[in-house]
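The structure under discussion appears below in the form of structure tokens.
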Amino acid sequence: MNVRWARLLTRLYPKQWRERYGEEMEELLRAGDVDLRSTFDVVRAALAESLWPTHGGSMDQRVYTFGGVTRQPSAAVPLAMSTTALIMVLGAVALNHGPIHDTDEGAVAHIWQILMVLQLPALALFAIRWLRRALRPTLEVLALQVGVILVNVAVVLFLT
């Protein structure tokens, strides 16, 4: 590959990355026989590095898993709120020995509503904070949260 093309592909990477790996990348591109697929891979990797940087080339960057992200307070609090709301409704149905048909909603319904509404800003905060750090585990936690919310709504619709 010619020098200009290798330099152009290397310039696609963020400045911090180029400072750490730029010369090596240019040498690799110049020395190798780069085809269209390799060029696409370099462009894709540069885009990924721009969106989810490795913090200035730090190779010891922390890797987050589903369990690790779930244990973060910003993820655990909304999940706890949804689970608490579900347990409260199921407990009220169990104590009533079946569906609840009261005209007055009662304290359980009001607390359920408050918990369901207050978890939305907590989820937004979680998403803003974690989507950039760990995309896949964050999306998995959000999917779990949506599932728990849907179970809550289904229980309220069908059992109360």
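At-a-glance table
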| read-out | value |
| --- | --- |
| Selection from segment 1-43 of residues that are closer than 23 Å to Pro53 by Cα and of a type in the set (A, V, I, L, M) | Ala6, Leu8, Leu9, Leu12, Met25, Leu28, Leu29, Val42, Val43 |
| Neighbours by Cβ (under 8 Å, 6+ apart or cross-chain): first from segment 136-152, touching a residue at least 40 places away in the same chain (Cβ under 8 Å) and closer than 19 Å to Leu118 by Cα; second among the β-branched types (Val, Ile, Thr) and surrounded by fewer than 19 Cβ atoms within 10 Å (Cβ to Cβ) | Val141/Thr70; Leu144/Thr70; Val148/Thr83 |
| Flag for Val69 being modelled with pLDDT of 85 or more, surrounded by 12 or more Cβ atoms within 10 Å (Cβ to Cβ) and either in the same structural domain as Arg20 (by TED's automatic domain parsing) or under 30 Å from Arg20 (Cα atoms) (or both) | yes |
| Subset tally (residues that are part of a helix (DSSP H, G or I), within 32 Å of the chain's Cα centre (by Cα) and surrounded by 12 or more Cβ atoms within 10 Å (Cβ to Cβ)) for segment 7-40 | 13 |
| Within segment 112-146, considering residues that are assigned to a helix (DSSP H, G or I) and either touching a His at 6+ places or on another chain (Cβ under 7 Å) or among the charged types (D, E, K, R) (or both), the one surrounded by the most Cβ atoms within 10 Å (Cβ to Cβ) | Glu140 |
| Given (1) within 26 Å of the chain's Cα centre (by Cα); (2) at pLDDT below 85; (3) closer than 30 Å to Ala122 by Cα; (4) surrounded by 11 or more Cβ atoms within 10 Å (Cβ to Cβ), index of the condition Leu51 fails | (4) |
| Test result for Ser74, modelled with pLDDT of 80 or more and not assigned by TED's automatic domain parsing to the domain that holds Val148 | no |
| Sole residue being at pLDDT below 90, crowded, with 16+ Cβ neighbours inside 10 Å, in the same structural domain as Gln16 (by TED's automatic domain parsing) and in a helix (DSSP H, G or I), chosen from Ala92, Ala46 | Ala46 |
| Residue list for segment 114-135, restricted to those being touching a residue at least 60 places away in the same chain (Cβ under 8 Å) and either within 12 Å of Ser82 (Cβ to Cβ) or not aliphatic (A, V, I, L, M) (or both) | Trp130, Arg132, Arg133 |
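The values are calculated or read from the model by the stated rules, or taken from the named source; none is laboratory data. Computed from a prediction, not measured in an experiment: that's the story for all the values here. Counting neighbours? That spans all protein chains shown, and the Cβs are built from the backbone with ideal geometry, glycine included.
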